[in-house]
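Asks: Quick one: the structure is below, questions incoming.
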Amino acid sequence: MGGKAFDSAKAPGERELNIQPMTAETYLQVKEIYLTRLQSFFGKDTHLEVLKEAPEKLSFGDVDYLVSSEDAPDFLALARSIGATALVKHGFTICSVAVRQDGFKQDSEPMVYTTVPNQHLASKSPAMKSDPPAAASDTELYAQIDIELVPPKIFQWRRFLASYGGVGMILGRMVRDVGFVVHGDGFYIYLSELQKAKRLGLQNVSDRDGQIFLTADPGKVLEFLHMSVKRYEDGFHTLPDLYAWLTSCRALTDQSARRYKAEIHENKAASKPKLYLSFFGQCTMVDKFGLAPDQSTAMEDIRASLLQDALAAFSIGKELEEKRKKLNRTVSQGLAEAWLKKQISEVTDKQGKQATEIVRAFRRWVAVRGEVPKMSILPTAHRDEDSELYMLVREDVVDPAAEAVARAFVKESWEVVRELLRRGKSA
């Protein structure tokens, strides 16, 4: 969190904490002191690590600890145990604490701060009338340490994503263009059909409808992307070393790299971490980082090639076909319902919730059958997920051969169908 967690937080009777960036020497000292104290608090059988920092850093805003655990601790008890001065909780599994840079263990009860919404980079929020007056500023130097608990099964994955200043976000940007996505729980394939659904603006399709989990093993992901696992584990001593490793990702082409650089210059990534901005701001220097200047293969071709490799590497063939079939049906259903809602609005002047109710009635009570699809009323209602409305759609539009007949059916039958929904009885 860059050492800014307490900038947008307040506590009753708070005193101003002098939280300052740390030199490399102080960082190492603080890191080891609180690694020992946190290990003592969680127990010797709990695995915890300090996240790997980007190379060549001269100043450190905080220290990030990752703890492998299924259970969230009492963060106040944790703060007491390690001698923290103040605590701010960001949820059930993440907190930040302020500790003395000299490692002195605070004996008094830690102050508990609360994040104030829409307070970004403010020194502290103005005191409310009912708040006790703030105490004087504390001249002691403090450091911020961030602690996150992660389930053991994805611990190595989350460690990987956040390492070296956030390589996961960089890889996530690169692989997105070629049909993959990085989530907090693993590496997924992103089906082109989902992109179509997004482009069509359908509301009945979620991201997970068009994504397939591949792995949460960093090594398998790096091997798939043709990036050296050993080089990653050995570490990087300079930024050019780290950049060169990142540019070995086979999802990155000179063409896409130039687009990423344009995004940086157009301030479309202003909120991204420093490593993200510095890497994509420079990675189009093909002579320095080794990208082939003539690497102009169409992104669609790269995506198709990677898809075939994913089928072999992760054995997802059956799931892929099932997911595609289901997603195509969901897309067609969404298009059919959008068309139907428009027809209902034109025929009945019903809008909003009233039109939505009639669409729901058609979903449950109307059959769509035949080579040239025709609509009819079912003898009994079926479930929403069994709706046949999707059969009206051919190649992303309502079948032209069926459109006039379907429009006439809507005009003649909407009241009957709505009444069936309301009564909940068979026709």
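Asks: Looking at segment 161-189, which of its residues are more than 30 Å from A298 (Cβ to Cβ) and among the aromatic types (F, W, Y)?
Replies: Y164
Asks: Answer with yes or no whether V417 is touching a Leu at 6+ places or on another chain (Cβ under 9 Å) and touching a residue at least 40 places away in the same chain (Cβ under 8 Å).
Replies: no
Asks: So if I check each of Q333, Q354, which one is assigned to a helix (DSSP H, G or I) and more than 26 Å from L194 (Cα to Cα)?
Replies: Answer to the selection: Q354.
Asks: Restricting attention to segment 202-227, which residues are open to solvent by 30 Å² or more (accessible area, probe 1.4 Å), under 20 Å from the mean Cα position of the chain (by Cα) and without any contact (Cβ under 8 Å) to a residue 40 or more places away in the chain?
Replies: The answer is S206, D207, R208, F213.
Asks: For the subset of segment 71-96 comprising residues that are in a loop (DSSP other than H, G, I, E, B) and of a type in the set (S, T, N, Q), which member is farthest from S8 (Cα to Cα)? Even if it seems obvious, please write down each step before you answer.
Replies: The first filter runs over segment 71-96 and keeps only residues in a loop (DSSP other than H, G, I, E, B), leaving 71-74, 83-85, 90-93.
Of the ones still in play, those that are also of a type in the set (S, T, N, Q) are 85, 93.
Working: T85: 17, T93: 19 Å.
Once the filter is applied, the top-ranked residue is T93.
Asks: Name every residue in segment 37-67 that is open to solvent by less than 30 Å² (accessible area, probe 1.4 Å) and under 17 Å from A98 (Cβ atoms), in order of residue number.
Replies: Once the filter is applied, which keeps residues that are open to solvent by less than 30 Å² (accessible area, probe 1.4 Å) and under 17 Å from A98 (Cβ atoms), segment 37-67 yields L38, F60, G61, D62, V63, Y65.
The values are calculated or read from the model by the stated rules, or taken from the named source; none is laboratory data. These figures come from a predicted structure and were not determined experimentally. Positions of Cβ are backbone-derived with ideal geometry, glycine not excepted, and every protein chain shown enters the neighbour counts. Quick note on the areas: whole protein, heavy atoms, side chains included, nothing else; ligands and nucleic acids left out. Shrake-Rupley method; radii C 1.70, N 1.55, O 1.52, S 1.80 Å.
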